[in-house]
Amino acid sequence: MDVPDISTVRSAFVNSSRSKAASMTPPASWPPPHADELDFVGWVDPKAPRRAYLAVAPVDDDVIAIELRLPSSPPPRRQSMCDLCQTAEAPAGSLLMVAPRAGARGKNGDSVGLYVCADFACSLRARRPLKAHETSVSGLPDTRVEALVERVVGFVERVRA
Ligand SMILES: [Zn+2]
């Protein structure tokens, strides 16, 4: 994706107050590595380990950024499937991330949660070459990236709705 500058991201939060968005700390390197291979950018706040963020730039739309809360207790060791890339390949597993909904609903405690790779590298996993047993014998195209984009945008839209 065309990774926007950090001030654009900061002003694109849909479920965060202006003051909270102002306190967001970007990752050490911006734009992130492999930016052209990313369908979304996600990171944990370097100064607040329970706050994470996800930014996406849907086709025909402006950048949308959401704030996520991470679990307070250590995650179970069991590898859980990521809801975005639908793999369990992240070395640190997937974490349940919860996004307060935008506006009044969020203020009333309404939120949307899903499991996401702890390292947010779903885009790279969706681009990993398929292993022999994963390729379709019927020659169906590999739609992992398209499916990932659809799920990320769907999630962000649910938060924003
Ligand atoms: Zn993932």
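The values are calculated or read from the model by the stated rules, or taken from the named source; none is laboratory data. All values reported here derive from a predicted model rather than from experimental measurement. Note that each Cβ is placed from the backbone with ideal geometry, even for glycine, and that neighbours are counted across all protein chains shown.
Here residue 99 qualifies as crowded, with 22+ Cβ neighbours inside 10 Å and aliphatic (A, V, I, L, M). For region 40-83, filtered to residues that are charged (D, E, K, R) and within 15 Å of residue 9 (Cα to Cα), the residue that is surrounded by the most Cβ atoms within 10 Å (Cβ to Cβ) is 67.
Tally up the residues in region 125-161 that are surrounded by fewer than 17 Cβ atoms within 10 Å (Cβ to Cβ) and near the ligand (Cβ under 10 Å from one of its atoms), please. Going through region 125-161 one residue at a time, the tally reaches 0.
What do you reckon, is residue 39 away from the ligand (no atom under 16 Å from the Cβ) and either free of Cβ contacts under 8 Å to residues at least 12 places away in the same chain or farther than 22 Å from residue 110 by Cβ (or both)? Considered against the rule, which asks whether it is away from the ligand (no atom under 16 Å from the Cβ) and either free of Cβ contacts under 8 Å to residues at least 12 places away in the same chain or farther than 22 Å from residue 110 by Cβ (or both), residue 39 comes out as no.
Listed here are the residues, each with its yes/no results for (1) of a type outside the set (Asp, Glu); (2) within 16 Å of the ligand (Cβ to nearest atom); (3) under 11 Å from the mean Cα position of the chain (by Cα); (4) modelled with pLDDT under 90.
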site: 79; (1), (2), (3), (4): yes, yes, no, yes
site: 82; (1), (2), (3), (4): yes, yes, yes, no
site: 87; (1), (2), (3), (4): yes, yes, no, no
site: 91; (1), (2), (3), (4): yes, yes, no, no
site: 102; (1), (2), (3), (4): yes, no, no, no
site: 108; (1), (2), (3), (4): yes, no, no, no
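Checking the structure you have, find out if any residue of region 14-30 is small (Gly, Ala, Ser), within 16 Å of the ligand (Cβ to nearest atom) and either surrounded by 11 or more Cβ atoms within 10 Å (Cβ to Cβ) or modelled with pLDDT under 95 (or both). The answer is no; no qualifying residue exists.
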